[in-house]
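The values are calculated or read from the model by the stated rules, or taken from the named source; none is laboratory data. Everything quoted here is computed from the prediction, not taken from an experiment. Cβ placement follows ideal geometry from the backbone for every residue including glycine, while neighbour counts extend to all protein chains displayed. In case anyone asks, the SASA skips ligands and DNA or RNA and just uses the protein heavy atoms, side chains included. Shrake-Rupley method; radii C 1.70, N 1.55, O 1.52, S 1.80 Å.
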Amino acid sequence: MGDSTGHKHKHLEFTLAAVSELSSSSSVSSSSTPVIARFSADDGVAALRFHQGSEFIDGFNVDLGTSQLFKLGPLQSLCVSESADTNKEKSYSRGVSIRFRNEEESRDFHSAFEQWQMESKGTHLPNGDISVSKSKFDNKIEPSSAKMYFHYYGQLLHQQNMLQDYVRTGTYYAAVIENRVDFTGRVVVDVGAGSGILSLFAAQAGAKHVYAVEASEMADYARKLITGNPTLGQRITVIKGKVEEAELPEKADILISEPMGTLLVNERMLESYIIARDRFLVPNGKMFPSTGRIHMAPFSDEYLFVEIANKALFWQQQNYYGVDLTPLYGSAFQGYFSQPVVDAFDPRLLVCPPMCHVLNFNEIKEEDLYEIDIPLKFTASVGTRVHGLACWFDVLFNGSTVQRWLTTAPGAPTTHWYQIRCVLSQPIYVMAGQEITGQLHMIAHNAQSYTIYLTLSAKMWGPGAEQGGIIQTSSCKLDLKEPYYRMSQPQPYTMAQDQQPHQLLQAEDIPPIHTEDLDLEELELLQQPSEPLGAQ
């Protein structure tokens with residue numbers, strides 16, 4: 001290896017054991033004459049070239065500005081570079097396999113590659129530092145939020161919590177294994193792979209190769225788990241990085257991911273899922289899951305309302321160690337009601353049949369998830385006090401053989417997502433048959449979540465109702481990032497005499513779907529007791 005460490009020395013060389021191009025059977029080894037990998041910056045363009053003796057090896061030149069280097073093993077790496085045809089969409093179809101003589105040289109090569117690539121992509125600042133262009137993820141997410149997010153999912157105990165959600169894990173397993181025809185011989189990309197469990201499922205289903213993309217430190221654990229399952233692991237490559245930045249040597253036939261957060265959209269990973277679709281998926285490729293639905297219904301829960309309101313009673317003390325706390329009571333009261341409640345509730349608390357809002361992952365744009373506006377319209381089934389809006393979600397795995405739903409509905413087996421309720425600080429009163437209207441407006445923010453604006457209104461009823469008019473309105477603002485994790489199991493509430501239980505959204509009640517994509521005109525295939533409102 002040469003003693004150069006950067007562009008200022010114009011070149012840096014490594015001796016390799018062998019080098020070969022994936023798209024051909026040609027391979028060059030150093031058994032006779034050494035194979036040299038040379039980093040250079042001729043004419044200001046950073047490049048990686050390979051030569052044997054005094055001759056450069058044709059077809060093996062790599063532009064560091066458009067390349068990615070992946071470690072496949074202690075002595076084996078894969079360098080993927082962009083197609084030279086600038087008139088076509090990026091395909092990253094060229095790959096050069098590099099074999100090193102020992103692990104130390106492998107580490108040094110990777111370090112040099114990263115340094116030269118940073119200098120090729122970045123701009124030099126007056127102090128000599130490198131300013132590297134931010135990815136789409138970095139531009140819209142607060143760094144401190146991203147750091148906490150990746151730290152959380154980089155811990156095994158949190159992965160275990162998700163793996164032990166047997167409704168979640170079992171549904172994914174069934175959706176993959178029951179649809180082997182979709183996976184056999186196909187290239188799969190696992191978006192946000194976590195522990196790598198979905199990649200292993202895809203390999204079990206016969207995938208030709210799986211690229212497991214994971215940005216957190218969990219990528220190292222995933223690589224260890226996959227290595228420990230060699231029969232499957234030989235067809236899985238773990239790529240540590242964000243899907244917004246990672247490059248792959250080939251396009252994917254299928255994307256698989258678990259991008260759902262609370263209320264489906266929390267954590268904003270759905271956006272990364274959509275970006276992965278646009279970057280990696282072949283035309284008409286499959287997505288597991290392919291559709292998501294947010295279900296909503298007004299609810300009545302006096303116990304919950306009193307529980308939240310009572311939290312602020314602390315601030316009604318007029319002599320707390322000689323201090324009057326009451327000036328802060330109003331702010332504290334509103335603060336507690338700004339927290340969405342995450343728990344499992346009895347579906348008999350719902351006072352209206354639910355409606356749903358559909359998100360078609362095959363067609364939705366990333367920007368459509370920045371702001372979600374859902375008009376609300378219900379008809380009360382019972383006369384009661386409405387304390388807010390209950391929400392849950394489900395997702396569809398639209399396989400060629402079996403269509404499966406993963407639901408978080410109240411009354412269904414509880415998942416680690418539970419359900420979520422937005423509680424009004426001022427309840428509204430309704431009569432049976434009365435119309436309830438409103439709006440659920442969600443705006444994404446840079447802490448990887450949403451600000452929720454909810455308005456519910458009770459319209460006039462009885463004689464003269466056709467004249468219209470609103471008689472009660474209540475609104476609230478909530479931060480989905482800061483929920484109240486109540487997470488209690490459903491309580492045995494007694495049912496009012498005039499209250500009828502609402503049919504739940506069960507996966508087995510949903511008719512089979514035989515379409516590849518779900519257009520607005522095809523939403524009747526999704527019909528359940530919930531009334532579909534529309535799709536993004």
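General observations
- Residues that are open to solvent by less than 10 Å² (accessible area, probe 1.4 Å), of a type outside the set (Phe, Trp, Tyr) and farther than 30 Å from Phe183 by Cβ, drawn from segment 264-316: Met296, Ala297, Pro298, Asp301, Leu304, Ile308, Ala312
- Within segment 171-204, the set of residues being surrounded by 22 or more Cβ atoms within 10 Å (Cβ to Cβ) and part of a loop (DSSP other than H, G, I, E, B) comprises Asn179, Gly192, Ala193, Gly194, Ser195, Gly196.
- Flag for Ala332 being open to solvent by 10 Å² or more (accessible area, probe 1.4 Å), part of a helix (DSSP H, G or I) and out of contact with any Ser or Thr (no Cβ under 9 Å at 6 or more places or on another chain): yes
- Number of residues in segment 300-319 that are without any contact (Cβ under 8 Å) to a residue 12 or more places away in the chain and in a loop (DSSP other than H, G, I, E, B): the value is 3.
- Taken over segment 205-232, the residue count meeting the criterion of being among the small types (Gly, Ala, Ser), buried (at least 19 other Cβ atoms within 10 Å of the Cβ) and under 18 Å from Ile254 (Cα atoms) is 3.
- Answer residue from segment 398-416, given it is assigned to a loop (DSSP other than H, G, I, E, B) and open to solvent by less than 40 Å² (accessible area, probe 1.4 Å) and is nearest to Pro347 (Cα to Cα) among those: Pro410
- Looking across segment 228-257, the residues that are more than 21 Å from Tyr173 (Cβ to Cβ) and either polar (S, T, N, Q) or assigned to a loop (DSSP other than H, G, I, E, B) (or both) come down to Thr237, Gly241, Lys242, Val243, Glu244, Glu245, Ala246, Glu247, Leu248, Pro249, Glu250, Lys251.
- Residues (small (Gly, Ala, Ser) and free of Cβ contacts under 8 Å to residues at least 40 places away in the same chain) located in segment 65-82: Gly73, Ser77, Ser81
- Total residues in segment 115-159 satisfying the condition of being among the acidic types (Asp, Glu), at pLDDT 80 or above and in a helix (DSSP H, G or I): the figure is 1.
- Per-region count, segment 317-328, residues surrounded by 12 or more Cβ atoms within 10 Å (Cβ to Cβ) and in contact with a Leu (Cβ under 8 Å, 6 or more places away or on another chain): 1
- All of (1) closer than 26 Å to Ala309 by Cβ; (2) open to solvent by less than 10 Å² (accessible area, probe 1.4 Å); (3) in a strand (DSSP E or B) hold for Val395 with one exception: (1).
- The one condition from (1) exposed (fewer than 13 other Cβ atoms within 10 Å of the Cβ); (2) assigned by the TED database to the domain that holds Gln115; (3) modelled with pLDDT under 80 that Leu22 does not meet is (1).
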